[in-house]
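> I have a structure here, written as structure tokens, and I will follow up with some questions on it.
The values are calculated or read from the model by the stated rules, or taken from the named source; none is laboratory data. Because the structure is predicted, anything quoted here is derived from the model rather than measured. Note that each Cβ is placed from the backbone with ideal geometry, even for glycine, and that neighbours are counted across all protein chains shown. Accessible surface areas use protein heavy atoms only, side chains included; no ligands, DNA or RNA. Shrake-Rupley method; radii C 1.70, N 1.55, O 1.52, S 1.80 Å.
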Amino acid sequence: MSKDVSVIVVGAGGRMGQELTRLVLSEADLHLAAAVDRQESLPDLEHLGCPVVQTVAESLAVAPAAVVVDFSSPTFSMEGARIATEAGAPMVIGTTGLDSRQKEELALLAEKTPLLWSANMSIGVNVLLRILPELARALGPAYDMEMVEIHHKRKKDAPSGTALMLGEALAGARGWDLADVRVSGRDGLIGERKSAEIGVQALRGGDVVGIHTTWFLGPGENIQVTHQAESRSNFAQGALRAARWLKNMPAGRLYSMQDVVGQSS
Ligand code: NAD
């Protein structure tokens, strides 16, 4: 059977890369065209049954029609994006920690080849980013918005980046900046809750991958919306959905997962 989308996985030896190659090999419409990683990781990738190489240029030489999916490191992803642009190949980048200059460069490269970058590839979180502001607007200002996030005990930052993204979306729906209205931690005689306030609280413990619950607390009723990540598989699933989508998109601007979840699957 011919496969619809050929995929090159960059950073194939990493945690996300291993999840991606496993999924690509198991999906009927996807073909693993090549795996890219450092020289020392290549022997561990031989079992994949595809060319294993050290650069995106080598991978595109063997699979010029493939979509590149990269979860590696900022410098390597930028290098790959320049090579993909020269070759006119579509590329999905999930690497985080890009600085503002690197993001600006990606936007320029995206004028020449289809490029998508997102710091959170989870389909569920990206759908929530669309629907939470709709809920906030539909319910109106009488409904107070609060969020609780739970993560494993090794996590160092709080609140989570995802909680802040969701909080910004909620604040935006009310015309606020999250920085002005976020309350993280309440203790002592703090007085009544203000209406222009979004509580974002962090719980830590065990090995929880990530739970985010948003509360809309209104007169006589409340709504809770919970997203629960079970494993990093949801990021890989999102990246592969993005790869399928990007294959048919023109160059022009830097796409994000928000563009992908805006379309039906
Ligand atoms: P990891 O360290 O387990 O894997 C990275 C892989 O990339 C490694 O195999 C490494 O050898 C390879 N790599 C890095 N630099 C390279 C170079 N110069 N040449 C060749 N290979 C190179 O990390 P991970 O947990 O898989 O995460 C990878 C990236 O994806 C991180 O930036 C992480 O924050 C990000 N991430 C994003 C999402 C999302 O939803 N967007 C989800 C999870 C992780």
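> Which one of these is more than 9 Å from the ligand (Cβ to nearest atom) and out of contact with any Asp or Glu (no Cβ under 8 Å at 6 or more places or on another chain): Leu42, Leu116, Leu98?
Sole residue among the options that is more than 9 Å from the ligand (Cβ to nearest atom) and out of contact with any Asp or Glu (no Cβ under 8 Å at 6 or more places or on another chain): Leu42.
> Can you find a residue in the stretch 125-132 that is under 10 Å from the mean Cα position of the chain (by Cα) and in a helix (DSSP H, G or I)?
So far as the stretch 125-132 goes, yes, one or more of its residues are under 10 Å from the mean Cα position of the chain (by Cα) and in a helix (DSSP H, G or I).
> Among helices (runs of 4 or more DSSP H) lying entirely in the stretch 167-265, which contain 1 or more residues that are among the acidic types (Asp, Glu) and farther than 20 Å from Thr96 by Cα?
178-181
> Determine which member of the set Ile93, Ile83 is closer than 22 Å to Gln258 by Cα and either open to solvent by less than 10 Å² (accessible area, probe 1.4 Å) or free of Cβ contacts under 8 Å to residues at least 60 places away in the same chain (or both).
Going through Ile93, Ile83 in turn, the sole match is Ile93.
> Follow-up question, since we're still on this one. Given the conditions (1) crowded, with 17+ Cβ neighbours inside 10 Å; (2) within 13 Å of Ser72 (Cβ to Cβ), and given that Arg38 satisfies all but one, which numbered condition is not satisfied?
(1)
> Pick from the stretch 141-171 the residues that are aliphatic (A, V, I, L, M) and touching a His at 6+ places or on another chain (Cβ under 9 Å): which of them is nearest to Ala196 (Cα to Cα)?
If we filter the stretch 141-171 for residues that are aliphatic (A, V, I, L, M), which is where we start, we get 142, 145, 147-148, 150, 158, 163-166, 169-171.
Checking which are touching a His at 6+ places or on another chain (Cβ under 9 Å) leaves us with 147-148, 150, 158, 163, 166.
Details: Met147: 14, Val148: 18, Ile150: 24, Ala158: 21, Ala163: 18, Leu166: 16 Å.
That would be Met147.
> Next up: Suppose the filter is touching a helix residue (DSSP H, G or I) at 6+ places or on another chain (Cβ under 6 Å) and away from the ligand (no atom under 16 Å from the Cβ); does Met145 pass it?
yes
> Hey, can you tell me all the residues within the stretch 105-123 that are in a helix (DSSP H, G or I), modelled with pLDDT of 95 or more and open to solvent by 10 Å² or more (accessible area, probe 1.4 Å)? Please lay out each step first, then the result.
Going residue by residue through the stretch 105-123, those that are in a helix (DSSP H, G or I) are 105-109, 123.
Cutting the leftovers down to modelled with pLDDT of 95 or more gives us 105-109.
Glu105, Ala107, Leu108, Leu109, listed by residue number.
> Separate question: Within the stretch 235-246, is even one residue surrounded by fewer than 20 Cβ atoms within 10 Å (Cβ to Cβ) and touching a Phe, Trp or Tyr at 6+ places or on another chain (Cβ under 9 Å)? So that I can check it myself, show each step before the final result.
Of the residues in the stretch 235-246, the ones surrounded by fewer than 20 Cβ atoms within 10 Å (Cβ to Cβ) are 237, 241, 244.
Those still in the list that are touching a Phe, Trp or Tyr at 6+ places or on another chain (Cβ under 9 Å) too: none.
No; the residues of the stretch 235-246 include none that is surrounded by fewer than 20 Cβ atoms within 10 Å (Cβ to Cβ) and touching a Phe, Trp or Tyr at 6+ places or on another chain (Cβ under 9 Å).
> Of all residues in the stretch 10-35, which are open to solvent by 80 Å² or more (accessible area, probe 1.4 Å) and either at pLDDT below 95 or in a loop (DSSP other than H, G, I, E, B) (or both)?
Within the stretch 10-35, Arg15 is the sole residue that qualifies.
> Going by the conditions given, is Ala89 more than 9 Å from the ligand (Cβ to nearest atom), within 22 Å of the chain's Cα centre (by Cα) and aliphatic (A, V, I, L, M)?
Yes, satisfied.
> Exactly one of these conditions fails for Ser6: (1) within 13 Å of the ligand (Cβ to nearest atom); (2) buried (at least 16 other Cβ atoms within 10 Å of the Cβ). Give me its number.
(1)
> If you scan the stretch 232-262, which residues turn out to be out of contact with any helix residue (DSSP H, G or I) (no Cβ under 7 Å at 6 or more places or on another chain) and within 12 Å of the ligand (Cβ to nearest atom)?
Matches in the stretch 232-262: Ser256 only.
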